[in-house]
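Contents: one structure, followed by commentary.
We did not get these values from a lab; they are worked out from the coordinates using the rules stated. Since we're looking at a predicted model, the values are computed, not measured. Here the Cβ is made from the backbone with ideal geometry for all residues, glycine too, and neighbour counts use every protein chain on show.
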Amino acid sequence: MCPYVLPPVPSVDQVQAELRASSFRKRSIKTSAKKQALRLILSMIDLTTLEGMDTPDKVRRLCRKGRDPLPGEDLPSVGAICVYPTMVSVAKEALAGSSVKVASVATAFPSGQTFHELKIEETRRTVAAGADEIDMVISRGAFLAGDYGRVFDEIAAIKQACGPAHLKVILETGELGTYDQVRRASRIAMDAGADFIKTSTGKISVAATMPVTLVMLEAIRDFYLETGRIIGMKPAGGIRTAKEAWHYLAMVKETLGDTWLTNRLFRIGASSLLNDVLMQWRRLSSGRYQSPVYFSED
Amino acid sequence: MDGIDVKEIQPTSPGASEQSGAKGRTPVPELLFGDLWDYAPAPQNTSHVKIAPRYEHFIGGEFVAGTGYFSTLNPATEERLSEVPAADDEMVDRAVRAAREAFDKRWSKLPGSERGKVLYRIGRALQERSRELACLETMDNGKPIKESRDVDVPLAAAHFLYYAGWADKLDYALPGATVSPLGVCGQVIPWNFPLLMAAWKIAPALAAGNTVVLKPAETTPLTAALLTEIFQEAGVPPGVINIIFGAGASGAALVRHPDLNKVAFTGSTEVGRAIQRTLAGSKKRLTLELGGKGANIIFDDAPLDQAIEGVVEGIYFNQGHVCCAGSRLFVQENVLETVLRKLTHRLASLRVGDPLDKNTDVGAINSSEQLEKIRSYVDIGCAEGAQMHQLACELPDKGFFFRPTFFTNVVPAHRIAREEIFGPVLAIQTFRTPDEAVQKANNSPYGLSAGIWTDKGSKLFAMAKALHAGVIWGNTFNKFDPASPFGGFKESGFGREGGLHGLLPYMEVRG
């Protein structure tokens, strides 16, 4: 097998990319468009708990919340519940009979600093435990050292280990330093078989930003036009309000088109976003903002 | 467009159309820029904008009734907004006399710090009334509220605040020289940035100690009319700023008045020539900021996605009613296919329509005359054999609108590649080498602006040196700052506005 060679990727101008990304914040989403956006956002949330102190009961509570975010209201379930591998079986059971997927972070999340064989094994076991989606991290060390072949091979091997499960590849853009690097890492992940590319682990201070997401969306678009393969996108971490989320939707709509406005191709990794969406939803029907205390936290 | 082969850019096609993609690759369904999730109308509330049924000349700090009243329209609805008088020779004389008296008796005797205070007050008042000014500008001009709110009004305020800072520092502006004001300045401004151009003209003139008579364009007098209120509130001494209304005849009457020390004009090259003839042999100083046919140059090593933003910003910003618009796009031939594909996708998501909707990207053409001019140029382009591409969007029933358009198969001899259209119409040509790009870009009677898109710093600076244009943007386009000089080479005019250089045309310099 030939070693992987990174094809030429377009350069990115930081100033202009950030300007373009900020232009989506000016999109004014009102009335019927807001209502539709809130439903879309709900269905796209990967409701996440990734803590050392996670317990089965905490995960079960989160699953309940994800299945039926606001009991009594006709609202969609979230896209997935995202947990550590050891919690997959708990989540799977709690979500049985619903449309909500179980996503799990394998491959020595969040640093990715362990042995290749262990990452493969972790992935296999997590899928065997019932995960529908695997969120892996790339080896940033190898990437930054220029060892693109290793990054590619690792993603390809994990993809194989995933079997039927969908693979989301976390680039951890906050550690990559430039948009050019983000564009390169996106290309490697897509070439290696990623179903989704994802910005961040949420475990370092710089998580998803609009410009980084824009650069990845543009990478997805160019990859689609070149190969015909449709790749999904998941910004994760740092998106806390419904307003931010619908600005992301506007960015997806105007960069990739309406085809990507589905939870099969766009997810938002978040924990606190959900309740803000619910508050906005209540506000649309009642005309008033309610206090956060009226919304259950998990 | 009957009988003309137009390639329509469909924003709402069902995704069935196959596009060939790059050579040798499998066709994939085209991206779908549809209405699966459509933005609902987001109209800007204008209830706080009070428009009087009639406005008067502002002379010597007072409102002076005139003659020959004419209407100003909202170009997006064709509804009449208000009316203003047309200044004749007598009214011009009255305004110039008021300005002369104010110059002799008051303004030139004030210390710079006091002049600065007045300019600061104007700048702050513009910020305080920014929403009102933005709405009024959009209603009278047709530009999207997004632009008047985020570009025109903040930049206008920034110009007053910037030149306010110079007013008490003129002694340090030119080391080794002392400076003094010229006197009375006659200023004639265009309709594309009515408020901003008023700020560009008034702020440096006043900072340097001059008094002014300003005539806004006949289709966009309303923000200037609102400015008169702001001048009164800001305590501008009577006669320091005089505003007279009218069309070309009033402007001609102003520039030929014998008691002006300086004329500043922004507008068409044709009128600029006429003014220059009028002023020949007189004592009057002159600066002209005229037409343009800006070259936007994309190299194969450019950040292409961002370059496309620059193309859109360059030609569709303000409906292309921009003297420094990037109306000629030069693309290195080996990336033409990619650039066209990306531009087509980008155009599909442009929103054309009601300028007061906060999501509108491209608003109304300022007047029916201008719309006719754009249409005739597009017909000429097609007749000359260029391929037209146009966004197939719906347009409002009323008002003056034109779909964002670009032409391929353009050759340098085509009129659409040589003449200023002043509308959302782009002419795309190719080049092979940097030298060829320079030669093609410079092969124009105009020389106002140029844009260069490349990832190589050395190439960028070499190009910037070789291009004959007064304003050159690197990896961006249509960015303005009060501290940066703006103006043209060749038939795009002379004199600079903005920065220290913008003060020079308003000062006498003694060694």
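A compact table of results
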| quantity | calculated |
| --- | --- |
| Whether segment B:389-429 is rounded, prolate or oblate, judged on the alpha carbon gyration tensor where a/c under 1.5 counts as rounded | oblate |
| Prolate/oblate/rounded label for segment B:302-395 (Cα gyration tensor, a/c 1.5) | oblate |
| Listed residues A:LEU118, A:LEU214, A:LEU278, most fluctuating in chain A (Gaussian network, C-alpha, under 10 Å) | A:LEU118 |
| Sites B:ASN443 and A:SER111 - FRET efficiency at Förster radius 56 Å, r taken between beta-carbons, to 0.05 | 0.45 |
| q = 0.06, 0.07, 0.11 Å⁻¹: log10 I(q)/I(0) that the Debye formula gives for the protein assembly as shown, counting C-alpha atoms only | -0.45, -0.60, -1.19 |
| Cα-based Rg and Dmax for chain B, where Dmax is the largest Cα-Cα distance (Å) | 23.3, 78 |
| DSSP-defined beta bridges in chain B - what % are antiparallel, rounded to 5 | 35 percent |
| Dipole of the protein assembly as shown, positive direction: furthest Cα of A:PRO8, A:PRO71, B:ALA173, with charges on the beta-carbon | B:ALA173 |
| Fraction of beta bridges assigned by DSSP in the protein assembly as shown that are antiparallel (%, nearest 5) | 25 percent |
| Gained length - B:ARG277 relative to B:GLU101, 0.36 nm times residue gap less alpha-carbon distance | 60.6 nm |
| Efficiency of FRET from Cβ geometry, A:ILE230 and B:ALA65, R₀ 60 Å, rounded to 0.05 | 0.35 |
| Semi-axis lengths (Å, descending) of the ellipsoid that matches the C-alpha gyration tensor of segment B:388-499 | 27, 20, 15 |
| Dipole magnitude (debye, nearest 20) for chain A, charges at Cβ of Lys, Arg, Asp, Glu | 1080 debye |
| Highest-first arrangement of A:39-45, B:471-477, where packing means the average Cβ count within 10 Å | A:39-45, B:471-477 |
| Segment B:75-132 versus segment B:479-504: alpha-carbon centroid distance in Å | 22 Å |
| The protein assembly as shown, helix-only ellipticity at 222 nm - DSSP H runs n ≥ 4, -39,500 (n - 2.57), divided by all residues, nearest 500 | -12000 deg cm²/dmol |
| Cα convex hull volume per residue for segment A:14-284 (Å³) | 120 Å³ |
| Dimensions (Å) - segment B:292-474, Cα atoms, principal axes, largest first | 49, 30, 28 |
| Burial ranking of peptide ranges B:483-492, B:62-71 (average Cβ count within 10 Å, highest at the top) | B:483-492, B:62-71 |
| Net dipole in debye of the protein assembly as shown [+1 Lys, Arg Cβ; -1 Asp, Glu Cβ; about Cα centre; nearest 20] | 1120 debye |
| All-pairs alpha carbon distance profile, segment A:1-138, 10 Å steps from 0, percent | 11, 28, 25, 25, 10, 0 |
| Between helix B:153-166 and chain B: long-axis angle, C-alpha atoms, 0 to 90°, nearest 10 | 50 degrees |
| Net charge of neighbours whose Cβ lies under 10 Å from the Cβ of B:SER113, counting Lys and Arg as +1 and Asp and Glu as -1 | +1 |
| For the protein assembly as shown, with +1 on Lys and Arg beta carbons and -1 on Asp and Glu, the positive-most of B:ALA280, B:THR228, B:ALA413 along the dipole | B:THR228 |
| Restraint check, A:LYS30/B:LYS146; A:LYS35/A:LYS92; B:LYS342/B:LYS465; A:LYS34/B:LYS146; A:LYS243/B:LYS143, Cα-Cα greater than 22 Å | A:LYS35/A:LYS92; B:LYS342/B:LYS465; A:LYS243/B:LYS143 |
| DSSP-assigned coil residues among trypsin sites (Lys or Arg not before Pro) in segment B:229-323, each with at most 12 further Cβ atoms within 10 Å | B:LYS283 |
| Qualifying GluC sites (Glu not before Pro) for segment A:194-298 [loop in DSSP, other Cβ within 10 Å: at most 15] | A:GLU297 |
| Hydrodynamic radius (Kirkwood) for segment B:225-313, which is based on Cα pairs only, to one decimal in Å | 16.8 Å |
| Antiparallel bridge percentage (DSSP; both residues within segment B:292-474; nearest 5) | 15 percent |
| log₁₀ of I(q)/I(0) at q = 0.21 Å⁻¹ - segment B:171-277, Debye sum with one point per alpha carbon | -1.14 |
| Relative contact order of segment B:292-474, pairs being alpha-carbon contacts under 8 Å that are 6 or more residues apart, as % | 31 percent |
| Farthest positive-ward along the protein assembly as shown dipole, Cα basis, beta-carbon charges - from B:PHE480, B:GLY209, A:SER104 | B:GLY209 |
| Cα-centre dipole for segment B:292-474 with unit charges at Cβ (Lys and Arg positive, Asp and Glu negative), debye to 20 | 260 debye |
| Amide N proximity, segment B:207-247 versus B:PHE480 label position 7 Å along Cα-to-Cβ, cut-off under 15 Å | B:217, B:223-224 |
| For segment A:37-99, projected area of the alpha-carbon convex hull averaged over all directions, nm² | 4.2 nm² |
